[in-house]
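Visitor: So that we are looking at the same thing, I have put the structure below in structure tokens.
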Amino acid sequence: MSSSNKLKIIIVGSGLAVLAVARILRDHHQATVYERGDEAVATGGQGIILASNGVKILRTIGYDSTRAGAVPILGIRTYDKEGNVLEDADMDLEARFGEECLAQKRSDFRDELLRLATAPSAELDIEGDPAEMVFSTQVVDLEPEEGVVTLSDGSTAAADVVIVADGVHSRLRNRILGSNGYTAKKVGLTCYRVAISVEDAKRALDGVPLPHWWEPSTCKNRSSLLMSNDCSFRVVTCYPIRYHTYFNLSIIKLQGVEVLMLLGPTYHHKKAQEVQMNKMRKRNQEDQRRKDVESYCCIYGARHRLHSQHLHLQYVPALSREAS
Ligand SMILES: Cc1cc2nc3c(=O)[nH]c(=O)nc-3n(C[C@H](O)[C@H](O)[C@H](O)COP(=O)(O)OP(=O)(O)OC[C@H]3O[C@@H](n4cnc5c(N)ncnc54)[C@H](O)[C@@H]3O)c2cc1C
């Protein structure tokens, strides 16, 4: 593209979606990204599972899963709370969809996307200019018709195109869509996430071996679900990240009941979801719980509504004891 056709593009936010977009735009346009956080910002949770379709797209823009410490997820296992394996299902997504499903530490994934957006073009063997990253600068207002943003220091910046990607709790979205635009609603769910270094966990366990679902030689690249199966819908979801040197645990609180949610792709598959839900319904003997089961179904469609927090390492020995 000739330099006269090059668009000046302002992007608000430097989340995962934006960094991928910045990498794509840099081939032909000049992108400037304004991020309110500093360079180390990494939002929303600790591990992230990238399904095969996403991996496929990222490969086309130079994404290197080895740099991101990605661990292929090759199956799903469910356990009862005594640590017995209930089901162990292979899911060869690479054979089926042409790409692996990858689990990553969110910050590692972000670092790799940041590299793709900002590394010198020669390093990436592409044309165009790196995106310009402006950290610690919040966009406080936007004039959508003029393409002008106001920054936290009071200055303004103009562009041919402004992309607003300031996350699920966006403040600027309604400047474009008006007051009837989309607003995230809280649905009473809280997702607790923690990424724990294997070394730290071993130290905390003080000689007690890592449980079957965690130990790299026995977890067999599974995303595991530890289920209480006692009508309380308590589930712990865990999967390895960063070359198996870290582990992600996910916990959801639902209407006062602790529930942990699977963030892997199998349960996004409608049929698998249905099978799982039917099993849960059968196990659920209490009528008043039925309402909660339906709410639980909704979790899968409403992940973006979750409010994430961090757990402290002190929870780990308790989980380990319960599962081993
Ligand atoms: C608990 C949890 C688990 C998840 N797990 C998965 C998973 O396993 N697999 C998966 O595919 N997806 C998962 N997701 C969804 C995924 O994280 C989001 O879809 C993705 O992060 C969206 O990217 P984004 O760039 O739109 O927004 P975000 O990543 O939220 O980034 C928004 C950025 O904008 C910045 N910002 C906000 N306002 C301003 C402003 N005014 N000025 C400048 N900067 C601003 C913020 O600091 C932030 O850096 C999960 C989400 C959560 C909450």
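The values are calculated or read from the model by the stated rules, or taken from the named source; none is laboratory data. Note that this is a predicted model, so its numbers are computed, not measured. Here the Cβ positions follow ideal geometry from the backbone for every residue, glycine too, while neighbour counts run over all protein chains shown.
Visitor: Criterion first (at negative phi and in the same structural domain as His28 (by TED's automatic domain parsing)) does Asp160 satisfy it?
Guide: Taking the combined requirement at face value, the residue satisfies it.
Visitor: Hey, does region 22-34 have a residue that's basic (Lys, Arg) and either under 30 Å from Leu93 (Cα atoms) or within 15 Å of the chain's Cα centre (by Cα) (or both)?
Guide: yes
Visitor: Do you know which of the residues in region 123-148 that are farther than 22 Å from Thr60 by Cα and among the hydrophobic types (A, V, I, L, M, F, W, C) is nearest to the ligand (Cβ to nearest atom)?
Guide: Val139
Visitor: Could you say which residue among Ile24, Ile49 is in the same structural domain as Ser155 (by TED's automatic domain parsing), closer than 29 Å to Val235 by Cβ and of a type outside the set (Gly, Ala, Ser)?
Guide: Among Ile24, Ile49, only Ile49 is in the same structural domain as Ser155 (by TED's automatic domain parsing), closer than 29 Å to Val235 by Cβ and of a type outside the set (Gly, Ala, Ser).
Visitor: Hey, Ala17 hits all of (1) part of a loop (DSSP other than H, G, I, E, B); (2) within 28 Å of Ile196 (Cβ to Cβ) but one; which does it fall short on?
Guide: So Ala17 meets the others, but not (1).
Visitor: Of (1) surrounded by fewer than 18 Cβ atoms within 10 Å (Cβ to Cβ); (2) at pLDDT 95 or above; (3) within 21 Å of the chain's Cα centre (by Cα), Val140 satisfies all except one. Which?
Guide: Val140 satisfies every listed condition except (3).
Visitor: Any residue that is among the charged types (D, E, K, R) and loosely packed, with under 15 Cβ neighbours inside 10 Å - is there at least one of those in region 103-116?
Guide: Scanning region 103-116 turns up no residue that is among the charged types (D, E, K, R) and loosely packed, with under 15 Cβ neighbours inside 10 Å.
Visitor: Also, quick follow-up: Can we say Leu177 is surrounded by fewer than 19 Cβ atoms within 10 Å (Cβ to Cβ) and more than 30 Å from Tyr239 (Cβ to Cβ)?
Guide: yes
Visitor: Need at least 1 residues that are more than 30 Å from Asn5 (Cβ to Cβ) per element, so show me which strands (runs of 3 or more DSSP E) inside region 46-164 make the cut, counting only ones lying wholly within it.
Guide: Hits in region 46-164: 47-50, 75-79, 85-90, 102-105, 139-143.
Visitor: Continuing with the same structure: With Leu189, Leu124, Leu151 as the choices, which residue is touching a helix residue (DSSP H, G or I) at 6+ places or on another chain (Cβ under 9 Å), among the aliphatic types (A, V, I, L, M) and at pLDDT 95 or above?
Guide: Leu124
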